[in-house]
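Beneath this line is the structure, given in structure tokens, with notes to follow.
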Amino acid sequence: MNSLVTKIFRPNVTPNFWNQTSWAILRAIVGIMMIHNGLDKLGNIESFAEAYVAYMGLPFPIFLSYIAAFTELIGAPLLIIGLGTRPAALGLFATMCVAMYHHILVAGLSIPYLELSAIYAGCFFFFLINGAGLFSSDALITNWLDKSALSAQAKRIMLLEKSYNSVEEPRVMSK
């Protein structure tokens, strides 16, 4: 059981500070934007349900609209902090696939209309496959569950301040 949980949480880690920093920044940006989308849906759920969900012919449009809104409002903060990143990214990716399907029904394969939901879907798919990276709650949980799951280099990057202090040579002040 422990190894299954470790596999779910263990991010695909490339022990490179800038690579991991860019993953964390991307998580924060798309997560913040997705929270905004979820709040917009809740702002007028009936209108969203009619214009998007009912238009596609899906059953229970109000219920599914709430599911979409809360997937965005719960999944996005989880993505931002990197906690349960793969399940959160799966839910967010699914909502963007439905959004892309809606856009195709309305406008065909119009790139300007598909653009934003496709970019979101690509970002969420990236995190679904790769996990959150080293600067995440998932990486901390992985290390807690299995001390050998992350490489020594990855742990040095996660403990950045300690690694700088241990590597840095003491400076001698001259007069």
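What follows draws every value from the coordinates through simple rules; no lab data is involved. In this text, all values refer to a predicted model and were calculated from it rather than measured experimentally. For neighbour counting, all protein chains shown are included, and Cβ atoms are generated from backbone atoms with ideal geometry for every residue, glycine included.
Some observations on this one:
- Per-residue [θ]222 nm for the chain (sum of -39500 (n - 2.57) over DSSP H runs n ≥ 4, rounded to 500): -23500 deg cm²/dmol
- Ranking of Tyr66, Tyr52 by neighbouring Cβ atoms within 10 Å, starting from the fewest: Tyr66, Tyr52.
- Think of each Lys and Arg Cβ as +1 and each Asp and Glu Cβ as -1; about the Cα centre, that makes the dipole of the range 58-169 roughly 220 debye.
- Approximating the spin labels as points 7 Å out from Cα along Cα→Cβ, the Glu46-to-Leu90 distance works out to 3.5 nm.
- Among 133-139, 122-128, 53-59, the peptide with the highest mean count of other Cβ atoms within 10 Å heads the list, and the full ranking is 133-139, 122-128, 53-59.
- Ranking Ile8, Ile141, Leu79 by Cα position along the charge dipole of the chain, where only Lys, Arg, Asp and Glu carry charges on their C-beta atoms, puts Ile141 farthest toward the positive end.
- Total lysine pairs whose alpha carbons fall under 19 Å of each other in the chain (8 or more apart, or interchain): 4
- Estimated FRET transfer efficiency (Val106, Leu73; beta-carbon r; R0 25 Å; 0.05): 0.55
- Charge tally in the Cβ shell below 11 Å around Leu83, where Lys, Arg are +1 and Asp, Glu are -1, Leu83 excluded: +1
- When Arg27, Arg156 are sorted by how many other C-beta atoms sit within 10 angstrom of their C-beta, beginning with the fewest, the order is Arg156, Arg27.
- Stokes-Einstein, applied to the Kirkwood radius of the range 14-162 over Cα pairs at a viscosity of 0.890 mPa s and 25 °C, places its translational diffusion at 150 µm² s⁻¹.
- Calculated over the range 79-154: convex hull of Cα atoms, volume per residue (Å³): 83
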